[in-house]
Amino acid sequence: MRQALKLYTTIRKNQFMMATVIGMILIILSVGSIILIPSMTGQDIDDTLGTALMCIWLIMAIIVFLNDQSRRLDTWLYTQNISRGQLFLTRIILLVGLPIMAANVVDLGLTAVRHPHILMATFNNDITVSANVLFMSSLFVIIATIIGPHWLKLAGSIFTLGLMVLAGPMIASLFKRISGGTSHFEVIIQPIITVLAALLIFAIGYYLAQNISDDTVDEAVRVHYLKWPIVIFVFVATLIKTMSNPGRNSVDGFLLGLILPIILTVVTFIFVFKPTFKVTWDK
């Protein structure tokens, strides 16, 4: 594992340096804007700096990951006595865990210097944001592991992210119902549940990464027994959303609610199974 971390860090040292420079520029701009613009409150900037750093660094991590697969870097790394599982964990540590931890350290450090009286509130906010970002990262990782071509990875991630955004109010309502509206649950228990869910998804991704062949990198779905479940998931998820909109009680509304799920399911089926249609004019 140490060899995998060292080798991958050496290969991607330029990208890590670039991420560090971009982070430093963002910190300088955020602190400098307080001096240049007197009407701007420093507390508001400090509240968003950690999240901004986290998002920028994770976007760069996604680009690095996609570039690795485009260059078939994985195949070469496997020849360096590095297993699939070790490479998977290395990317999780360096491309997911490190950006989240570094953003929190910067956020808490600046808050301790500038606004020490809200340090605990900032810490609680960072825990919640980090747990949510870790969960979203785990979803991208599992999608990127299962799906082959890059544009399908991005399409699947956007589709899943859209579902999460639409389901957000329902999930928040569920948490409040479980907690009885107590702030203790929202501050401590909810992030723990979110992190545990993310770790479970990472564990599934780790298992799949060890058992997926490199020959399937160009397949739409790299795991054969997940092809039909993904097609069904697209139909069911889209159908639930369209049928939850108001005005679906009428016949016209019901039929209109079926159109989008059917279209998305057919498109997904075509890309997953690549059916061939043979047309003949012979009698």
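The values are calculated or read from the model by the stated rules, or taken from the named source; none is laboratory data. The model shown is predicted, which means the values in this text are computed figures rather than measured ones. Glycine also receives a Cβ, built like all others from the backbone with ideal geometry; neighbour counts cover every protein chain displayed. Side chains included, ligands, DNA and RNA excluded: accessible areas come from the protein's heavy atoms. Shrake-Rupley method; radii C 1.70, N 1.55, O 1.52, S 1.80 Å.
Scanning the range 98-122 for residues that are hydrophobic (A, V, I, L, M, F, W, C) and closer than 19 Å to I56 by Cα yields L98, I100, M101, A102, A103, V105, V106, L108, L110.
Scanning the range 228-251 for residues that are open to solvent by 80 Å² or more (accessible area, probe 1.4 Å) and at pLDDT 75 or above yields W228, I232, F233, I240.
Could you say whether any residue in the range 105-127 is under 22 Å from F16 (Cβ atoms) and among the polar types (S, T, N, Q)? Among the residues of the range 105-127, not one is under 22 Å from F16 (Cβ atoms) and among the polar types (S, T, N, Q), which makes the answer no.
Considering the range 82-92, and only residues there that are assigned to a helix (DSSP H, G or I) and out of contact with any Leu (no Cβ under 7 Å at 6 or more places or on another chain), the residue that is surrounded by the fewest Cβ atoms within 10 Å (Cβ to Cβ) turns out to be G85. All conditions but one from (1) over 30 Å from I212 (Cβ atoms); (2) at pLDDT 80 or above; (3) open to solvent by less than 20 Å² (accessible area, probe 1.4 Å) apply to M24; the one that does not is (3).
Inspect all residues belonging to the range 151-159 and state whether any of them is modelled with pLDDT of 85 or more, open to solvent by 60 Å² or more (accessible area, probe 1.4 Å) and under 27 Å from L26 (Cα atoms). Yes, there is a match, as at least one residue in the range 151-159 is modelled with pLDDT of 85 or more, open to solvent by 60 Å² or more (accessible area, probe 1.4 Å) and under 27 Å from L26 (Cα atoms). The set of residues from the range 252-283 being assigned to a helix (DSSP H, G or I), open to solvent by 60 Å² or more (accessible area, probe 1.4 Å) and either at pLDDT below 80 or at positive phi (or both) comprises D252, F254, L255, L256.
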